[in-house]
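K.L.:
One structure follows; several queries about it will come next.
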Amino acid sequence: MYVRNGSNPSHADSPHWFFGDGMVHGIRLERGRATAYRNRYVRTTMFDTGAGFGQGPPGGASNQSNVSCIWHGGRLLSSGEVGLPYELDPADLSTRGPFDFAGKLATAFTAHPKIDPATGHMHFFGYGFTPPFLTYHIADEHGSLIHSEVVDTPRSTMIHDFAITATDAVFWDLPVTFDLDAAIAYIADPSSGAFPYSWNPDAGSRVGVMPLTGGAASIRWFELEPCYVFHGVNAFRRGDEVVADVCRLSSMFAPGELFGGTPTHRRWTLNTATGAVSDDVLADHDPGDLPSRDPRRLGREHRYGYLVSSRDNPNTVDLGGLIKHDYTNTTREVWDPGPSRHSGEWLFVPTASDLADDAGYLLTYVHDESSGVSELVIIDATAVARGPVASIALPQRVPYGFHAAWVPA
Ligand SMILES: [Fe+2]
């Protein structure tokens, strides 16, 4: 089953794409056919009470769970990056309730945990508005929380994603900082446009590398030019160097900005022996984000990454088609669905028997603004420019959303 989460306001218009209630859309695929489609709100305490951002009842369960889906340890989780994840029933996408790892998780749960393909361990973090600002966690392959430790950072920054290698955890601590006044203004009047995090370049930009198995005391920080990164494509270790490929914005939530500043695709190379750092532009003015990769190569050197392109549009985030980026020579293969159609994150589902670098399929929902039809589109990752090998028209519109997971049979 392909299942994707997104933000979909249930009770009132949401003032921001990030602040609707989580809704998951799942499609079951069996022997070459789509056999079921189902969408469900994540029944959070905020959904049940009709609360908006910052107005829900206290506690970790008070979040909208609207960003991502994760399949790990036989559980399907949804995450909104603030607060606890929610466990969903993979049979019908109904909500089982907030999931706190048997009472062990006392922080938020990122929307972007990383599952090590060798161990099956899930590495993740939570960031907070108040101390501890950043906490690192590991769950074993069965989903039991086996490690938690605080990573010391001086302030609350919005940390959306991170990366792992086979031996390292890589955090980006970038200058989008919690702004209490803006948060209070937002809660008082959600239509004010105030956002609880704001661009604060004086806070500095840095990337930290620490042991994957834990050991925040030995974290090594590398300074960068001010920037913001929502998403990394992947990272890997090469001798003394940790390499991380990221979708970089020159700023984020700066005054007057619709979204972020100039986007570029970057390769950060962090030398953990010498402290040297290089920040190389792989693609200039690159409006590609929501990256994905073959999950079997997570934390290992990757040849390819997959991005959603976006089109120049001063009025909105205008997502387009698919970019396949080849890191060996920085060439690209693209598929564009046409001007009225918009895709989302392309989830890579590997072919079971073939270990080649791009052996798999890329799945996303595509919506056509002119016809009103939404489809699940499937592209062979070895032949991106050829376009879909299959598309499944859906009985209703699927709103634009964020991140998906693949739930195997
Ligand atoms: Fe994300």
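K.L.:
Among 400, 183, 278, whose Cα lies farthest out toward the positive end of the dipole of the chain, if unit charges sit on the beta carbon of Lys, Arg (+1) and Asp, Glu (-1)?
P.N.:
Going by the Cα projections, it comes out as 400.
K.L.:
State, to one decimal in nm, how far the label point of residue 318 lies from the label point of residue 185, with both points 7 Å from Cα in the Cβ direction.
P.N.:
About 2.9 nm separates the two model spin labels.
K.L.:
Sum up the charges of everything whose Cβ sits under 11 Å from the Cβ of residue 390, counting Lys and Arg as +1 and Asp and Glu as -1, but leave residue 390 out.
P.N.:
Combined, the nearby Lys, Arg, Asp and Glu give -1.
K.L.:
On to the next question. When the helix-only estimate is applied to the chain (DSSP H runs of n ≥ 4, each -39,500 (n - 2.57), divided by the residue count), what is the mean residue ellipticity at 222 nm, nearest 500 deg cm²/dmol?
P.N.:
The helix contribution divided over the chain gives -1000 deg cm²/dmol.
K.L.:
Separate question: Against the empirical 2.2 N^0.38 Å scaling, what ratio does the C-alpha Rg of the range 139-229 come to?
P.N.:
Normalised Cα radius of gyration, the range 139-229: 1.31.
K.L.:
Subtract the Cα-Cα distance of residue 91 and residue 11 from 0.36 nm times their separation in residues, and report this length gain in nm to one decimal.
P.N.:
Here the segment from residue 91 to residue 11 would lengthen by 26.2 nm.
K.L.:
Calculate the spin-label point distance for residue 129 paired with residue 278, positioning each point 7 Å from the Cα along the beta-carbon direction, and give it in nanometres.
P.N.:
Placing both labels 7 Å beyond Cα along the Cβ direction yields 4.3 nm.
K.L.:
Between the range 39-60 and the range 385-409, what is the separation of their alpha carbon centroids in Å?
P.N.:
26 Å
K.L.:
Any chance you could run the full-extension gain for residue 35 through residue 331? It's 0.36 nm times the residue separation minus the Cα-Cα distance, nm to one decimal.
P.N.:
102.9 nm
K.L.:
Here is a further query. What's the center-to-center distance, using Cα atoms, between the range 147-201 and the range 208-253 in Å?
P.N.:
If we compute the Cα centre of each part, the gap is 15 Å.
K.L.:
Report, by chain and number, residues whose modeled amide H sits under 5 Å from the one on residue 360, excluding near sequence neighbours (fewer than 5 apart, same chain).
P.N.:
Here the answer is 351, 381, 382, since their amide H atoms fall under 5 Å of that of residue 360.
K.L.:
If amide H atoms are built 1.01 Å from N in the plane of the peptide, which residues on other chains or at least 5 residues away come under 5 Å of the amide H of residue 166?
P.N.:
The list, which skips near neighbours in sequence, is 237.
K.L.:
Okay, next question. For the range 195-327, list log₁₀ I(q)/I(0) at each q in 0.13, 0.21, 0.23 Å⁻¹, using the Debye formula over Cα point scatterers of equal strength and ignoring solvent, two decimals each.
P.N.:
Log10 of I(q)/I(0), two decimals: -0.60, -1.34, -1.46.
K.L.:
All other residues with a Cβ under 15 Å from the Cβ of residue 258 taken together, and with Lys, Arg as +1 and Asp, Glu as -1, what is their net charge?
P.N.:
-3
K.L.:
In terms of the Cα gyration tensor, with a ≥ b ≥ c the square roots of its eigenvalues, is the chain rounded because a/c is under 1.5, prolate because a/b exceeds b/c, or oblate?
P.N.:
rounded
K.L.:
Once the principal axes of the Cα atoms of the range 53-135 are found, what is the range along each, listed largest first in whole angstroms?
P.N.:
So the three principal-axis extents are 35, 29, 22 Å.
K.L.:
Further question on the same structure: Keeping the other protein chains in place, figure out the carbon and sulfur percent of the accessible area of the chain, with a 1.4 Å probe.
P.N.:
Carbon with sulfur: 51 percent of the solvent-accessible area.
K.L.:
On average, how much accessible surface per residue is there in the range 147-233, in Å², for a 1.4 Å probe, leaving out ligands, DNA and RNA?
P.N.:
37 Å²
K.L.:
Just by accessible area at a 1.4 angstrom probe, what is the order of 197, 37 from largest to smallest?
P.N.:
The ordering from most to least exposed comes out as 37, 197.
K.L.:
Taking springs between alpha-carbon atoms closer than 10 angstrom, which of 234, 63, 329 fluctuates most in the Gaussian network model of the chain?
P.N.:
Result for the chain, Cα springs under 10 Å: 329 fluctuates most.
K.L.:
Please give the length that would be gained between residue 301 and residue 371 if that part of the chain were fully extended, namely 0.36 nm times their separation in residues minus their C-alpha to C-alpha distance (nm, one decimal).
P.N.:
21.1 nm is the gain from fully extending residue 301 to residue 371.
K.L.:
Can you tell me the dipole magnitude for the range 1-153 around its Cα centre, using point charges on the Cβ only (Lys, Arg +1; Asp, Glu -1), in Debye to the nearest 20?
P.N.:
Dipole of the range 1-153, to the nearest 20 debye: 540 debye.
K.L.:
Using the Cα gyration tensor of the range 88-135, with a ≥ b ≥ c the square roots of its eigenvalues, what is the shape: rounded (a/c below 1.5), prolate (a/b larger than b/c) or oblate (neither)?
P.N.:
Oblate.
K.L.:
Shifting gears a bit: Rounded to whole Å, give me the distance from the Cα center of the range 66-109 to that of the range 273-316.
P.N.:
Each part reduced to its Cα centre gives a spacing of 27 Å.
K.L.:
Just name one of 132, 80, 317: the one whose Cα is farthest towards the positive end of the charge dipole of the chain (beta-carbon charges, Lys/Arg +1, Asp/Glu -1).
P.N.:
The listed residue farthest towards the positive side: 80.
K.L.:
Based on Cβ point charges of +1 for Lys and Arg and -1 for Asp and Glu, what charge dipole magnitude is obtained for the range 210-284 about its Cα centre, in debye rounded to the nearest 20?
P.N.:
Dipole of the range 210-284, to the nearest 20 debye: 240 debye.
K.L.:
I'd like the antiparallel share, as a percent to the nearest 5, of DSSP beta bridges with both residues in the range 133-200.
P.N.:
Just about 100 percent of them are antiparallel.
K.L.:
Rounded to the nearest 20 Debye, what is the dipole magnitude of the range 157-258 about its Cα centre when Lys and Arg each give +1 and Asp and Glu each give -1 at the C-beta?
P.N.:
320 debye
K.L.:
If amide H atoms are built 1.01 Å from N in the plane of the peptide, which residues on other chains or at least 5 residues away come under 5 Å of the amide H of residue 261?
P.N.:
Here the answer is 250, 251, 252, since their amide H atoms fall under 5 Å of that of residue 261.
K.L.:
So how far apart, in nm, are the two label points at residue 397 and residue 203 if each is 7 Å from Cα heading toward Cβ?
P.N.:
Here the modelled spin labels are 3.5 nm apart.
K.L.:
If you take the Cα atoms of the range 359-409, find Rg, then find the Kirkwood Rh from the mean of 1/r over all pairs, what is Rg/Rh?
P.N.:
Using only Cα positions, Rg/Rh for the range 359-409 is 0.99.
K.L.:
A follow-up question, please. Between 85, 291, 154, which gets the highest mean-square fluctuation from a Gaussian network model of the chain, Cα cutoff 10 Å?
P.N.:
Maximum among the listed residues: 154.
The values are calculated or read from the model by the stated rules, or taken from the named source; none is laboratory data. Just so it is clear, the model here is predicted, and its values are computed rather than measured. Don't worry about glycine lacking a Cβ; one is built from the backbone with ideal geometry, like all the others, and counts go over all protein chains shown. Remember, those area values only see protein heavy atoms, side chains included, never the ligands or the DNA or RNA. Shrake-Rupley method; radii C 1.70, N 1.55, O 1.52, S 1.80 Å.
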